Amino acid sequence: MDRRVQKQEVLKWAFFESALDAILVIDEKRHVLSLNYAAETLFSLKASDVIGSDVVKLLPFYKFSSLQDGRTEHSLLISNREVTVEITVMAVAIEETVEYMLYIRNMTQEREAEKTLIEAKNRYENLFYSSPLAIMVHREEEVVSVNDAMIQLLGVTEDQLVGKSLYDFFSSEQVPDIKKGLKAVRDRKDEPRPPLAQLKMYNALGKELFLEVKSTLIQINGETLFQTVTRDVTEQKKAQESLQYMAFHDMLTDLPNRSMFSNIVEKSIDSAAASGKKLHFLFLDLDRFKQVNDTLGHHAGDQLMLQVVDRMKSCLRNQDVLSRFGGDEFLVLLHDRTDEEVRKICKSLNDCLSTPFVVLSRDVYLGVSIGVSLFPKDGKTLEVLVRHADLAMYEVKKQGRNHYLFYQKEMQVHTTRRMRIEDGLRKAFELGEMELHYQPKVNIQSGHIVGVEALIRWTHAKMGVISPAEFIPIAEETGVIVTLTKWVLKKACHQNKYWQLKGLPPLKMSVNISSVDFGTTDFVDYVLDVLREVELESRYLELEITESVTMKHVEQTIEKLQILKDAGVFISIDDFGSGYSSFSYIQKLPIHTLKIDRSFIKDLDPNTTEVSIVRAIITLAKSLQLSVVAEGVEEVEQVELLHKEKCDEVQGYYFSKPISAQEFYEKFHKIEEKMEFVH
Ligand code: C2E
Ligand code: CA
Ligand code: CA
C-alpha cells in the first residue's frame, strides 16, 4: 500500500517537474507551496527563494477573484523584460484545505509574432488601399479584395466586385489564357519576376481598357492568394493602334495605302509566278481633280474624293485591290483576268467617273486617265510595273484624258528628262551647281533657334532649279547619293563650326541621310572623320533618317546607329507617320527624336483627325523619352496648337523657308522674334 502511494507520488512529481508550463502551487493565504522547474526558469530564480512567500512577489497582479475563473492573460516584468503569460487556475481540495495550482504559459513569442503580423498586415493594407495602381487580391477566380483604384478602373462598387468572379469582366475566349497565366504564376512560385501580361477588357461602364497586369502570390491568413497589380495603358495602346492603322490606310478614304498595297502585291506576285497566272495593274489619275479641289476648297475636295472612291468600288469586284497612292492617284490590282475583261473594267471606270458629281449643289466634271501594265510581260516587280502603268497613264493624259491605254515599250521615250537629270547629277558637284540652304528649328518652350536642317539646292545650267524631291530619288537609284551625302555632311558641319566661331549660339545641324548611305560600309567612319576634321562636337550634328532606312538590314542598322549614338551624334526619324512605321519597331531603335511628317501638320486645326494623330505621336514619343519635332509649320495657330500638345520643336515657313547661310546669319534674331506672336 505504502509503496503504491509512494510510486504515485513519484509519478506526479515527474509530471510536475517535466511540464512545459510553469506551475505554482499556493495555499489559501497566497503563500507559495511549491513550483516546478519550468517556473524556476520562467521567473529565473530558485524554488527555495520563494517557497513560503506571498505569490504577489511573482505575480503582482494576483488576486483571488481575478484568478479563480479559468484562463487570463497578463503582462509581467521579469528581469526587466516584458513577458506575456497566460494563467490557468485550478482549485484542488486537499482534506480540509484548498490549494491552488497556477499553470503559467509563456506566450511572449506568440504574441510578438502576432504583433509583427498585424503590423505587416496594416502596412500592406495601407499600401494596398492607397496605391494609385489598381490592385486586386483574388483566388483563382473569386475576388477577395480590391482597392479604390481598382474600383474606379472597373467602374463598379466594391460590393459588385468582392466575392464575384474575375472572369465576368472578360470574354469567354480570354478565360483559358488568363487561367494559363495564373497557373504559370502558381507553378513558378520562386521566380522573382513574374511575367507581365497585356489584357483587353471592358469595364462596367462599357469602356474599353488595355491593362498591363502582373500577378504574384501572397499569403493572407494562411491562404495563398493572387495579388494582381494593373496599370492602365489604354491611352498608349489607342495611340499605338491608330498609328498602326494609319501606317497602312489612307486616312480619308480608308483604302489601303502604298505600304499595304505593296505588301499585298508582293504576295500576289509570288503566287502568280508560281501558278503562271496573270496580274493587271491599273494606274489611275483623276482628271481635273486638282482644279476642283483648289476652287471648292479642301473640305469639298474631301467629300468629292469619297464619292469618287464609291464609284470606283462599284466598278470592281471584292477581290480586286484598290489603293490610294497619294493625292488623286490610285492603283488597282486585278487577279487572273483576260485583257478583254480588263478593257471592260477600264471602260466602266471611265464612264462612271465622267458622269457629273454633285458637290455643294454644283455639278462637277471629272474623269480618269488609266494606264495598264501586265505581270509578268511588262515587269516582274511592283516598282517596274507601277512605272510602266504610270507611263501608259501619262500617254493617256497627253492624248486627251478620260481614257485608258496598255503599256507599250515605245512609251519609254518619256524618260529623257530623267536621263538628263541622271547625267547632270554626276557633274553637278564639279560644276558647283549644288548649294545648301538652311531651315531653322525653334524650341517652342524657350522660343530660341536650337537647330537647322541642311537642304540641298540644285540649279542646273540649262534646266534651271530642280527640286530635291525629283532628283534625290534618282540619285538614290544611281548611287550618286553617296557622293551627295558626303558633300552635304562636310559642308554642313563646316558651316555649323563657322557660325559658332562667328558667335551665333551653338546649333544642332541636321543632315538628311538616305538608306543607300546607310548601306555603305564606311558611312559611320565617314561621319566621325568629318566631325574630327572640322573639330565640331558630335552633339552639334543630327542625322535625319527615314523609317525606310531602318527597315533595311535591321541588325546592322541598329548597330551603326548605336555607334553614332554612343559617339554623341543625334538621330532623328524623319517624316514619321508617313510610311511603314510600326511603333513597336521604333521602340527598338537607338534614336533621340521623332519628326512628325508634314502631311499631319498641313491641315492641323483643333477639330481634325490630324490633331489626334499628332497627339498620339507625341504621347508615344514621350513614353519612349523621345523628343518631338513638327515640320511644315506655316501658321501661328499651328505653333500654338503644337505648344499645347507639348511638342518640343517646330520647323516651317512660319519661322523661315530654307535660306542661304549668309541670309540665315543675318536674319537669326528676326526669326526668333516671330515667337512673340505665339500665345
Ligand atoms: P524633308 O527632309 O522632309 O525636308 C523638308 C522639306 O519640307 C523641304 O523641302 C522644305 O523646304 C520643306 N518645307 C519646310 N517647311 C515647310 C513648310 O512650312 N511648308 C511646306 N509646304 N514645305 C516646307 P525640299 O527642300 O524641297 O526637300 C524635299 C526633300 O528632299 C526633303 O524632305 C528630303 O527628303 C530631300 N532632301 C533635301 N536635301 C537633301 C539632302 O541633302 N540629302 C538627302 N538625302 N535628301 C535631301
Ligand atoms: Ca528632313
Ligand atoms: Ca521631313
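The values are calculated or read from the model by the stated rules, or taken from the named source; none is laboratory data. Since this is a predicted model, take the numbers as computed values, not measurements. Positions of Cβ are backbone-derived with ideal geometry, glycine not excepted, and every protein chain shown enters the neighbour counts. Side chains included, ligands, DNA and RNA excluded: accessible areas come from the protein's heavy atoms. Shrake-Rupley method; radii C 1.70, N 1.55, O 1.52, S 1.80 Å.
Structure values in brief
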| read-out | value |
| --- | --- |
| Nearby lysines by direct alpha-carbon distance to K238 (threshold 17 angstrom, same-chain neighbours under 8 apart not counted) | K200, K207, K622 |
| Virtual paramagnetic centre 7 Å along Cα→Cβ of Q307, amide N under 19 Å, in segment 261-291 | 285-291 |
| Simple label model, 7 Å out from Cα along Cβ direction - E9 to R123, nm | 5.7 nm |
| Separation in nanometres of the label points that stand 7 Å from Cα toward Cβ, at E141 and R426 | 7.7 nm |
| Pairwise centroid distance, computed over Cα atoms, of segment 562-639 with segment 135-179, Å | 38 Å |
| Segment 75-180: trypsin sites (Lys or Arg not before Pro) falling in loop per DSSP and having at most 14 other Cβ within 10 Å | R139 |
| Cα-projected label distance for S34 with S172, points at 7 Å along beta-carbon direction, nm | 7.6 nm |
| Eligible lysines near K502 by straight Cα distance, threshold 22 Å, same-chain separation 8 or greater | K441, K490, K491, K667, K670 |
| Exposure ranking of M136, M419 by accessible area [1.4 Å probe, largest first] | M419, M136 |
| For the chain: rounded, prolate or oblate by the Cα gyration tensor [a/c cutoff 1.5] | prolate |
| Modelled FRET efficiency - R0 60 Å, V92 with L217, Cβ distances, 0.05 increments | 0.70 |
| Nearest-0.05 FRET efficiency for T459 and S354, computed from C-beta distance (R0 35 Å) | 0.25 |
| Relative contact order of segment 112-232, defined on C-alpha pairs under 8 angstrom at six or more residues apart (%) | 24 percent |
| Rounded if a/c under 1.5, otherwise prolate or oblate - segment 241-407, Cα gyration tensor axes | oblate |
| Pairwise FRET efficiency - L296 versus H335, Cβ, R0 = 30 Å, nearest 0.05 | 0.25 |
| Mean ellipticity per residue at 222 nm, deg cm²/dmol - from DSSP H runs of n ≥ 4 across the chain, formula -39500 (n - 2.57) | -13500 deg cm²/dmol |
| Spatially proximal lysines relative to K277 (Cα-Cα < 20 Å; intrachain offsets below 8 disregarded) | K267, K344, K377, K380 |
